[in-house]
Amino acid sequence: MELHSISRITLRSTDFSRTERFYHELFGWKFHRHSDTYLGFEPPSGIDGGFQRRDTFTQGDSYLIYILVDEFESYLLRIPELGGSSTGEIEAVSESSQYVRVFDPDGNRLALWRNISPAYPR
């Protein structure tokens, strides 16, 4: 990783068990408890980070990060089953990229990002 690259992301969680289940089952992330207040995560590739334990925080009071997916439908079906939410509204960034905002069970705002071919829109 080069100097000045984003190297870590910290979000918030009120329940580490619920947070770990959501991200592990949806994306296959691995987790490591660093302390009673910090749960580290490791995705299959890309930026790693962690969740800081908070008793409360406001929904959306976190950074928006984009998680690359190849399609939206299966994720949007699974997210509510794991305690998250989304309006399912697809926002186009360009002819070749789209994203959908979602919330995890603790209210952390995320976005599912996909690249599409302009010749084959989904």
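The values are calculated or read from the model by the stated rules, or taken from the named source; none is laboratory data. Note that this is a predicted model, so its numbers are computed, not measured. Note that each Cβ is placed from the backbone with ideal geometry, even for glycine, and that neighbours are counted across all protein chains shown. Quick note on the areas: whole protein, heavy atoms, side chains included, nothing else; ligands and nucleic acids left out. Shrake-Rupley method; radii C 1.70, N 1.55, O 1.52, S 1.80 Å.
When +1 charges are put on Lys and Arg Cβ atoms and -1 charges on Asp and Glu Cβ atoms, the dipole computed for the chain relative to its Cα centre reaches about 200 debye. Based on C-alpha pairs under 8 angstrom that are at least 6 apart in sequence, the chain has a relative contact order of 24 percent.
Relative to the longest principal axis of the Cα atoms of the chain, the long axis of helix 16-27 lies at roughly 30 degrees. Tell me which of 77, 39, 9 sits at the most positive position along the dipole axis of the chain, charges placed on C-beta atoms (Lys, Arg +1; Asp, Glu -1). Checking the options against the dipole of the chain, the answer is 39. Its Cα gyration tensor gives the stretch 68-122 an equivalent ellipsoid. The semi-axes, each the square root of 5 times an eigenvalue, are 22, 11, 8 Å from largest down. If both residues of a DSSP beta bridge must be in the chain, then about 70% of such bridges are antiparallel. Which of rounded, prolate, oblate describes the stretch 1-56, given a ≥ b ≥ c as roots of the alpha-carbon gyration tensor eigenvalues and a/c under 1.5 marking rounded, otherwise prolate only if a/b is larger than b/c? Cα axes put the stretch 1-56 in the oblate bin. Here the stretch 17-105 exposes an accessible surface that is 46 percent carbon and sulfur, computed with a 1.4 Å probe and the other protein chains kept in place. Pairwise Cα separations in the chain fall into 10 Å bins from 0 onward with the following percentages, short to long: 12, 43, 33, 10, 1. Evaluating 6.51 cos²θ - 1.76 cosθ + 1.60 at θ = phi - 60° for every residue in the stretch 74-83, the Karplus couplings come out as 5, 5, 5, 6, 7, 4, x, 4, 9, x Hz, glycine and proline recorded as x.
Full extension of the chain between residue 85 and residue 97 gives 2.2 nm of extra length, using 0.36 nm per residue less the Cα-Cα distance.
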